[in-house]
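The block underneath contains the structure these notes are about, expressed in C-alpha cells.
The values are calculated or read from the model by the stated rules, or taken from the named source; none is laboratory data. Every value quoted in this text rests on a predicted model; they were computed, and no experiment measured them. Cβ: placed from backbone, ideal geometry, glycine included. Neighbour counts: every protein chain shown.
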Amino acid sequence: MSASPFLTIKGLSRRFSARSGVGDVSLTIGRGQFVVLLGPSGCGKSTTLRLIAGLETPDAGRIEMDGRDITALTPSERGLSMVFQSYALFPHLDVAENIVFGLKVRGVPRAERRQRLDEALAITGLEGLEDRKPAKLSGGQRQRVALARAIVANHPLCLMDEPLSNLDAQLRHSVRQDIRALQKRLGMTVIYVTHDQTEAMSMADLVVLMRDGRIEQAASPAEIYEKPATSFAASFIGSPPMVMLPAQLLGDASDAVFAVRGEDIALRPEGEGRLAAQVIEQEFLGAETFVHLDVAAKARLTARLPGRSDVAPGERLSLDWPAEATHWFDRVSGRRIDPPIAPSPSDRPRSAPAPSSAAKGP
C-alpha cells in the first residue's frame, strides 16, 4: 500500500468555547491509509472530521488534499464521501435507490449507475437485497447500504463518524472486519472516528489519539501501545488501563510516576517481588483473569493473568515484572521519560541489598 502524502492538515483550529473544539491540529495522512481518530467524548475528534468534510469552517489553519487547498471548498467540491453514525437512508427508497441516489442527483448516466451499483452490491454482500426497503433490513445490512453508497461515489477519501455505535458487540466485530477488508480492496483513504479503542487498535494503520482538542499521540497501534508518549495515552490505551503510581513506591526519589501493563505483572510470594500488594478481588473472564490489587494508600492496579487464578481477597503478595516493562512519565507534564531519570532500586540484581521488601529486585 502506498503511503505517499495525500491529506495534509496544518494548524487547524475551531473553537466553540474555551473547552470545546480543536486547537492547532496538524497531521499528514498517507494515500490509502486507514486512520482512526480516537479519544473520549469532547476531545475534538468529530469536530476534526467535520472540518475535513467541510461541514465546519476553521478559525485558522489549512487543509490540503492531493496538493490542492480545500480549506474553503464546500463538502460537494472536496471529492469525499461520508458514512455516519446514523445510516441516513431514505425509508421510502429501496436498497438500490438509496445506493445510487447521489449519482442520480449528480446526473451520472443510467448505464454507469447500474454498473457502479452492481459492483457495490457485490463488494458489500448485498446482492439479492436490492428491492428491500430499509425497514426490512438488519442493522448490519443497513450499515452495508451506507458503505455501498460511499463506494459508488468513487471518491478517494471516505470519512466515517462512529459508524458502528448503533450495532451490538457481535455485529460490530463482523462489520468492522468488513470495513477493513473493503478499504484494503478498494485502496481508499479512510478517516474513522471512534471512542472504542478496540476498533482503533484492530483497524488502524495510524491511531490519532486526541485530548482536549489536541493530538496527544499519532502512531501505529503497536507503537502507541508499547511506547505511549504520555501518561494519558498509557492510561487510555489497553485493558485493563495502566495506572500511574509514584516512583517512591520503587525507592526512586525523582519527581516521576511509573506504570506497568497488566499482562506484564506476575504474582509472587510476599517479599519476593518489586512491589508489595494485597488482593482486593478478581474477575474471571474465561481465557484470563483480572486481579485487582491494592499497592499503597489509594493506589490500585490490575494484573492480567492467563486462565484462572487461585488468589483470595485479602491475600498479601508481591508483584514482579521485567525491568523493560516499566513505563516512566514526568509527574507534571505527563510526558514519557525514556530512560528514567534515575535507575530504580527495584532494577538491582537479586543479590544486591534493597531498602525494603517492597522494592526487592527480581
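Search the range 51-89 for residues being of a type in the set (Lys, Arg) and at pLDDT below 95, and hand back the single one that is nearest to Arg106 (Cα to Cα).
Here the residue is Arg78.
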Subject >> Subset of the range 146-160 [of a type outside the set (D, E, K, R), in a helix (DSSP H, G or I) and touching a Ser or Thr at 6+ places or on another chain (Cβ under 8 Å)] >> reply: Leu147, Ala148, Ala150, Ile151
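Identify all residues within the range 209-220 that are out of contact with any Cys (no Cβ under 8 Å at 6 or more places or on another chain) and either surrounded by fewer than 19 Cβ atoms within 10 Å (Cβ to Cβ) or in contact (Cβ under 8 Å) with a residue 24 or more places away in the chain (or both); write none if there are none. Before the answer, list the steps.
Let us first name the residues in the range 209-220 that are out of contact with any Cys (no Cβ under 8 Å at 6 or more places or on another chain), namely 209, 214-220.
Leu209, Arg214, Ile215, Glu216, Ala218, Ala219, Ser220, listed by residue number.
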Subject >> Some residue of the range 161-177 being assigned to a strand (DSSP E or B) and either in contact (Cβ under 8 Å) with a residue 60 or more places away in the chain or polar (S, T, N, Q) (or both) >> reply: yes
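Residue-by-condition table, conditions (1) at pLDDT below 95; (2) surrounded by 19 or more Cβ atoms within 10 Å (Cβ to Cβ); (3) within 30 Å of Gly44 (Cβ to Cβ):
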residue	(1), (2), (3)
Val207	no, yes, yes
Ala222	no, no, yes
Thr230	no, no, yes
Pro240	yes, no, yes
Leu249	yes, yes, no
Ile265	no, yes, no
Ala287	yes, no, no
Lys298	yes, no, no
Original post:
When you scan the range 210-325 for strands (runs of 3 or more DSSP E) that lie fully inside it, which ones turn up with 2 or more residues that are over 24 Å from Leu38 (Cα atoms)?
Top reply: 256-259, 266-268, 275-284, 288-296, 299-306, 316-320
**OP:** Check whether at least one residue in the range 120-130 is over 32 Å from the mean Cα position of the chain (by Cα), assigned to a helix (DSSP H, G or I) and surrounded by 15 or more Cβ atoms within 10 Å (Cβ to Cβ), and report yes or no.
**Re:** no
Subject >> Top-ranked residue in the range 1-54 [being part of a strand (DSSP E or B) and without any contact (Cβ under 8 Å) to a residue 40 or more places away in the chain; ranked as surrounded by the fewest Cβ atoms within 10 Å (Cβ to Cβ)] >> reply: Ser17
Original post:
Restricted to the range 297-331, and to residues that are without any contact (Cβ under 8 Å) to a residue 12 or more places away in the chain and of a type in the set (Asp, Glu), which residue is farthest from Arg268 (Cα to Cα)?
Top reply: Glu324
**OP:** Being among the aliphatic types (A, V, I, L, M) and free of Cβ contacts under 8 Å to residues at least 40 places away in the same chain is the filter here, so list the residues in the range 68-107 that pass it.
**Re:** Ile70, Ala72, Leu73, Ala96, Val105
